[in-house]
Structure formats: structure tokens, C-alpha cells
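Novice: Got a structure for you, written out below as C-alpha cells; questions coming shortly.
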Amino acid sequence: MILPYPIVPDVTDDGFDTQTVTLNVNRMKIELQILPWVSLLDALREYSDLTGTKKGCDHGQCGACTVLCDGERILSCLTLAVMKEGSEITTIEGIAQDGQLHELQKAFIEYDAFQCGYCTPGQICSAIGMLREGKAKTRDEVKELMSGNLCRCGANNNIIDAIMDVKNQGNYE
Amino acid sequence: MNNFIYTKAHSVQDAVDKVGGKTDAKFVAGGTNLIDLMKYSLTRASTLIDVNPIEGHHSIEEKDGGIRLGAFVTNAKTAYHPLIEERYPLLSRAILAGASAQIRNMATNGGNLLQRTRCYYFYDANTPCNKREPGSGCSALMGYNRIMAILGTSDSCIAVFPSDMCVALAALDAVVNISGPDGERSIAFTDFHRLPGNTPHIDNNLLHGEVITSIDIPEKGFCKNYSYLKLRDRNSYAFALVSVATGLELEGGIIKEARIALGGVAHVPWRGKNGEEFLKDKEPTRDNFAHAAEIILSGAIGYEYNSFKIELAKRAIVRNCIMALHPETQLPGAQPSA
Ligand SMILES: Cc1cc2nc3c(=O)[nH]c(=O)nc-3n(C[C@H](O)[C@H](O)[C@H](O)COP(=O)(O)OP(=O)(O)OC[C@H]3O[C@@H](n4cnc5c(N)ncnc54)[C@H](O)[C@@H]3O)c2cc1C
Ligand code: SF4
Ligand code: FES
Ligand code: FES
């Protein structure tokens, strides 16, 4: 088999050292020993056992890896974990509180807004970020501002329905 | 991705010093282009210098009647800044037509100017590409060149520069402010990016080790008559096949000044100065806009699969000039008005 790109070893013996990085994830401090090229996505999934955040394309093109960083939605696949020392990260695991699902999580269930569920964690984190931004007024604007989250199953209409319902209820904080 | 050392810069001087003579040390800002290219092993760096901790260039401020955009302000914060929405809505619309909300939250103003082409062959390390590997040849010339350039091309490269934000900055006469080992300098926006010539691997006139610190836009913002139109294969979240930024200044029903810049057609954001000249002191009619479009596209050359862009660009100019007469009709994501 010919691999298209060189595979780089994860651990090196040529002078590259792991760094201690402290991440605040879901209101918990996590201290990691990682190499500088570990993405925030891999730091969460591979080194912190937080596998709710999904890896789709790993290149910024699908939105599956969306998390909230200091309240804003970002892509964890194009972020280096070492660059987020001290930031507040929220993943899908940190959305429900005190055993209560977030309004968006409830709406996704009510509106049948997922099939395989692969894009769902990213969709929900992204929708929370979008509602907080407060820029989308119309359904068209919600669609536009959610367009960074692709759903391979084609559940998009129900996803937008679920988000519109929560937005119209105004109870998303 | 290759192995690298990661370090933070705390001042512009610190960033410049940390590059020192290292030819493969790179700055990282939002990371949305650089990390992507590094993951494909299309670019490599021995050291990544994080410029985000540098103080003093994280704000948007009034400057000599115009505005200074800090290089490390995100694209999202810039697009939604009250001063930009009110005085430079064309810039706001162009930024919001690009990428996705998540990427705009990460991408910085400085990084946006330095993003690399989306030419398929540039992204495919198994094919020759003069931009990636100088002297290896250009696969797009005889390849599937549907998304490639029609203006300012050379036999070495027919790639387009993919930014939306930069199309508006070209129309708005922006100036790029730079600090480097030899001190500070400024470059007019239309002189910042380069045509491919026989050095397509050099995208712009920034020198290695120089930091973009800010971007200035002069007072004139065309906030009454402006429009950004982006034509692409999907309504949203795709790069432009052709995009147009238009600003018009009207007085008594006559065009006093027109600005027209195109995206997706050249190795640089393409400013249509000759068409702008034609429109001066004319009535804002469809015929005049169509004539201006003919002038702007007069030097265009199509390749096997992208000749359609010539007609597309002409029609986009006309449509966008008409939309600029009624900016309130614009739809989200820079789609044509209804
Ligand atoms: C899936 C996807 C879709 C996209 N769609 C669009 C689109 O439709 N329209 C569009 O316009 N853009 C689009 N983009 C591109 C995006 O806008 C750019 O990647 C972004 O603006 C780059 O900014 P950054 O801060 O992340 O740069 P980085 O990736 O951090 O850096 C890019 C380059 O600039 C250098 N650099 C960064 N800041 C400075 C500085 N201050 N001084 C000197 N050098 C510096 C870095 O060394 C690097 O070489 C898309 C990106 C992705 C991943
Ligand atoms: S058009 Fe430019 S970037 Fe694309 S293959 Fe040819 S040389 Fe490379
Ligand atoms: S995994 Fe990050 S955008 Fe697809
Ligand atoms: S539910 Fe399957 S990808 Fe969206």
C-alpha cells in the first residue's frame, strides 16, 4: 500500500519534548503531558477520554469537532491544544447540568434531529454558540450561520426546526 | 504533520527575534490555514511561534477618520464590530460570506491575507505544482481547471487567491502595516498580493520574519451603496467561483465614484480600476454597468474548463452594481437579492 503522506510518529526520540498543558474542560482542570502538535480534538478524545466530540474530516470542513472555547464555537481539529492553555472549553459532555438535558438536547430528541448522531455533538455546541452570538433573526440566517456543520444523514431540516424552536422560546441560556 | 517546537511571542519584537534566521520557523495565528496545510504535509515548520499573546494589536480603533483593524482580531469580531457594520458594511458582508462561523471565530485578520490557494493540485502532493514545488510544472494548466484564474495568469500558475475579506479590502483601498527585522513599513492593499509571473510560490510581498500588525481602511466606506455577491457551487460554506465587491458613491442620481473588485478570478484580489474610471460621472444604469464589466474583463483568458467564468464575472458585476443601489435587498451569505 502506498500512503499519500508521510506518517509522523506520535512520540519522538529526536529532542521533541512533551509539554505540560492545563486545560479547563467542562469546569474541570485537566493536566496533560502532550506533544505540541496534538490538536485540541485529539487532546479531548485520545488523552482525556472525552469522546463525545467527533472527528469527521479533521480539516475544518465538517463541524463535527465543534466545541465552545471561552463561550465561542471553534473547531477543535484545527486548534493546537497547547494554544488553549487557560481557556474554558465546553464539550457536549458539559452541556447537560445537574442531570437535566439542555433545551437544545431536548429539542433535538423532540424534533428527530439526528439519525446516526455523528454530527449531533458538534451541531448542538455550534447551535449554543450561535444563539449566544445573537446574530441570526430569521430561519434563513440560522441556516446560514449553522452551515459550518454538515450532516451526512440529511437531518438538516429537523436540526433547523429544533434550533428555531429553542430560539423562539428564548430559554437557551 | 512534521514535529515542531511551539513557543509564544509576547511582543512583535519577540516574534521577529524568535524567527531570527530560521527559514522554516512560522507564525501561527488562528491556525485555520496553517494547521490544515501542515496536517497534509504540504507545508512544514521547525518552530511555530504563536502570535496571539502579542499585545497591542487586538482591537479595532478609529484612526485618522478611518479605521485600524488589529491583525490579531478575529474575522468574526471584525465583521460584527459596530464601527464596521455601520461604516464599512461591505467589509462586514464579505467576511460573513467566507468560511463558517466557527472558522471566522478562529481566523484572524492578518492570517486571512496570507491564506494559500485552494487549487486542487496544490493540495495534492502527488501532482506537479510550481507553487508547492518551484520548477515542477503546473498540473492545472492542462488539468481540470474549472476553479482557476482568468485574469493575470502566467504559464507557471493559474491559481486564484481564495479570500473574500480581501476582495472588500481591495475595494476599500486598505493599507497593510508590517513590522520586521528592518523596522516598520506599510503596503497599499493592491500592491500586497502578487501575480504569479514565474515565481508563483511567492504569494505576496511580505518578507520572511515580518509580522502584519494591522490593516488601515480610509474614511470612505461606501456605507450607503455597497454589495458583496459571491457565486459558488453551494449557497453557503464554499469558496467563490466568482465574487464581486462593489461600492458606489451617488450624487444627484450620478455616480461620483465606483469601486469594483473581483474574487475567484486571479492570483490577487482583482481591482477593476479601468471599469471604475468609466463609471465616473455616469448614470447608474444596467447598460453602463455592463459596459464597465466588459472593460474590466477585456483581458480575460479562459482555459479548457473555466471559460464560463468570463461571462459569469461580467454578469456578476452588473448584478452586484444593481444590488448596490439597494443594499437592503441583500440576503445572508452574499447570495443574489430576491
Ligand atoms: C473549510 C474552510 C473553508 C474556508 N472558506 C473560506 C472562504 O469561503 N472564504 C475565505 O475568505 N476564507 C475561507 N477560509 C480560509 C480562512 O479564512 C483562513 O484560513 C483564515 O482567514 C486564516 O487566518 P488564520 O488566523 O487562521 O491564519 P493561520 O492559519 O494562523 O496563518 C496563515 C498564514 O499566515 C501567517 N500569519 C498569520 N498571522 C500573521 C501575522 N499577523 N503576520 C505574519 N504572518 C502571519 C502564518 O504564518 C501562516 O503562514 C476557509 C478555511 C477553511 C478551513
Ligand atoms: S495553478 Fe498554481 S497552484 Fe495550481 S497546480 Fe498550477 S502552479 Fe500549482
Ligand atoms: S473534524 Fe473538525 S471540522 Fe471536521
Ligand atoms: S445525524 Fe448522521 S451525520 Fe448528522
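The values are calculated or read from the model by the stated rules, or taken from the named source; none is laboratory data. For clarity, every value in this text was computed on a predicted model and none was experimentally measured. Quick reminder, even Gly has a Cβ in these numbers, built from the backbone with ideal geometry, and neighbours come from all protein chains shown.
Novice: Could you grab me the full set of residues in segment A:44-60 that are within 16 Å of ligand 4 (Cβ to nearest atom) and within 11 Å of another protein chain (Cβ to nearest Cβ)?
Specialist: A:Cys57, A:Asp58
Novice: Within segment A:100-138, can you find the residues that are without any contact (Cβ under 8 Å) to a residue 40 or more places away in the chain, under 15 Å from B:Ala101 (Cβ atoms) and buried (at least 20 other Cβ atoms within 10 Å of the Cβ)?
Specialist: Result: A:Ile124, A:Ala127, A:Ala136.
Novice: Here's a follow-up. Is it fair to say B:Glu283 is charged (D, E, K, R) and not in a helix (DSSP H, G or I)?
Specialist: yes
Novice: Another question about this same structure. Can A:Cys77 be described as within 14 Å of chain B (Cβ to nearest Cβ), closer than 22 Å to A:Ile159 by Cα and within 15 Å of ligand 3 (Cβ to nearest atom)?
Specialist: No, not satisfied.
Novice: Considering each of B:Arg132, B:Arg146, B:Arg93 in turn, give the residue that is surrounded by fewer than 24 Cβ atoms within 10 Å (Cβ to Cβ) and within 14 Å of another protein chain (Cβ to nearest Cβ).
Specialist: Exactly one residue qualifies, and that residue is B:Arg132.
Residue-wise test of (1) in contact with a strand residue (DSSP E or B) (Cβ under 8 Å, 6 or more places away or on another chain); (2) more than 10 Å from chain B (Cβ to nearest Cβ); (3) closer than 29 Å to A:Cys153 by Cα.
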| position | (1), (2), (3) |
| --- | --- |
| A:Thr18 | yes, yes, no |
| A:Asn26 | yes, yes, yes |
| A:Glu31 | yes, yes, no |
| A:Asp42 | no, yes, yes |
| A:Cys62 | no, no, yes |
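Novice: I'd like the full set of residues that are in contact with a strand residue (DSSP E or B) (Cβ under 7 Å, 6 or more places away or on another chain) and farther than 29 Å from B:Ala99 by Cα, limited to segment B:7-36.
Specialist: B:Val16, B:Lys18, B:Val19, B:Lys22
Novice: Also, quick follow-up: When you scan segment B:246-257, do you find a residue that is of a type in the set (D, E, K, R), within 14 Å of chain A (Cβ to nearest Cβ) and over 18 Å from B:Gln330 (Cα atoms), even just one?
Specialist: Checked against the condition, which is being of a type in the set (D, E, K, R), within 14 Å of chain A (Cβ to nearest Cβ) and over 18 Å from B:Gln330 (Cα atoms), segment B:246-257 yields no hits at all.
Novice: Further question: Taking segment B:161-173 as the search range and keeping residues that are away from ligand 1 (no atom under 13 Å from the Cβ) and buried (at least 24 other Cβ atoms within 10 Å of the Cβ), which one is farthest from B:Ile147 (Cα to Cα)?
Specialist: Filtering first and then ranking leaves B:Leu172.
Novice: Taking the residues in segment A:120-139 that are more than 13 Å from A:Phe108 (Cβ to Cβ) and more than 10 Å from every other protein chain (Cβ to nearest Cβ) as candidates, determine which candidate is farthest from the chain's Cα centre (by Cα).
Specialist: Among those residues, the one meeting the criterion is A:Arg139.
Novice: Looking at A:Cys65, A:Cys77, which one is of a type outside the set (A, V, I, L, M), buried (at least 22 other Cβ atoms within 10 Å of the Cβ) and closer than 17 Å to B:Tyr40 by Cα?
Specialist: A:Cys77
Novice: Yes or no: segment A:159-167 includes at least one residue that is closer than 30 Å to B:Met1 by Cα and away from ligand 2 (no atom under 16 Å from the Cβ).
Specialist: No, because not a single residue in segment A:159-167 is closer than 30 Å to B:Met1 by Cα and away from ligand 2 (no atom under 16 Å from the Cβ).
Novice: Among the residues of segment B:26-44 satisfying the criterion of being crowded, with 21+ Cβ neighbours inside 10 Å and part of a loop (DSSP other than H, G, I, E, B), which is nearest to ligand 2 (Cβ to nearest atom)?
Specialist: B:Asn33
Novice: Check segment B:229-244 and report whether any residue there is more than 16 Å from ligand 1 (Cβ to nearest atom), over 16 Å from B:Asn288 (Cβ atoms), out of contact with any Ser or Thr (no Cβ under 6 Å at 6 or more places or on another chain) and not aliphatic (A, V, I, L, M).
Specialist: no
Novice: Those residues that are among the basic types (Lys, Arg), more than 12 Å from chain B (Cβ to nearest Cβ) and buried (at least 19 other Cβ atoms within 10 Å of the Cβ), I need them from segment A:140-171; list them, please.
Specialist: A:Lys167, the sole residue that qualifies.
Novice: How about segment B:231-279: which of its residues are of a type in the set (D, E, K, R) and either within 22 Å of B:Leu151 (Cβ to Cβ) or part of a strand (DSSP E or B) (or both)?
Specialist: Of everything in segment B:231-279, those that are of a type in the set (D, E, K, R) and either within 22 Å of B:Leu151 (Cβ to Cβ) or part of a strand (DSSP E or B) (or both) turn out to be B:Arg232, B:Asp233, B:Glu249, B:Glu251, B:Lys256, B:Glu257, B:Arg259, B:Arg271, B:Lys273, B:Glu276, B:Glu277.
Novice: Go through segment B:99-150 and give me each residue that's over 19 Å from B:Asp233 (Cβ atoms), outside any loop (DSSP other than H, G, I, E, B), within 14 Å of ligand 1 (Cβ to nearest atom) and hydrophobic (A, V, I, L, M, F, W, C).
Specialist: B:Ala101, B:Met106, B:Leu113
Novice: In segment A:101-129, what count of residues is obtained for those that are away from ligand 3 (no atom under 16 Å from the Cβ) and outside any loop (DSSP other than H, G, I, E, B)?
Specialist: Adding up the residues that qualify gives 9.
Novice: Of the residues B:Ile217, B:Ile187, B:Ile202, B:Ile212, which is near ligand 1 (Cβ under 10 Å from one of its atoms) and at pLDDT 95 or above?
Specialist: Going through B:Ile217, B:Ile187, B:Ile202, B:Ile212 in turn, the sole match is B:Ile212.
Novice: How many of the residues making up segment B:3-21 are away from chain A (no Cβ under 14 Å) and hydrophobic (A, V, I, L, M, F, W, C)?
Specialist: Number satisfying all stated conditions: 4.
Novice: Quick one: what pairs do we get from segment B:98-118, first residue within 11 Å of chain A (Cβ to nearest Cβ), second among the acidic types (Asp, Glu) and surrounded by fewer than 24 Cβ atoms within 10 Å (Cβ to Cβ), C-beta under 8 Å, 6+ apart or different chains?
Specialist: B:Ala101/A:Glu133; B:Asn105/A:Glu72
Novice: Are any residues in segment B:1-25 assigned to a loop (DSSP other than H, G, I, E, B) and aromatic (Phe, Trp, Tyr), and if so, which ones?
Specialist: Answer for segment B:1-25, where residues must be assigned to a loop (DSSP other than H, G, I, E, B) and aromatic (Phe, Trp, Tyr): just B:Phe4.
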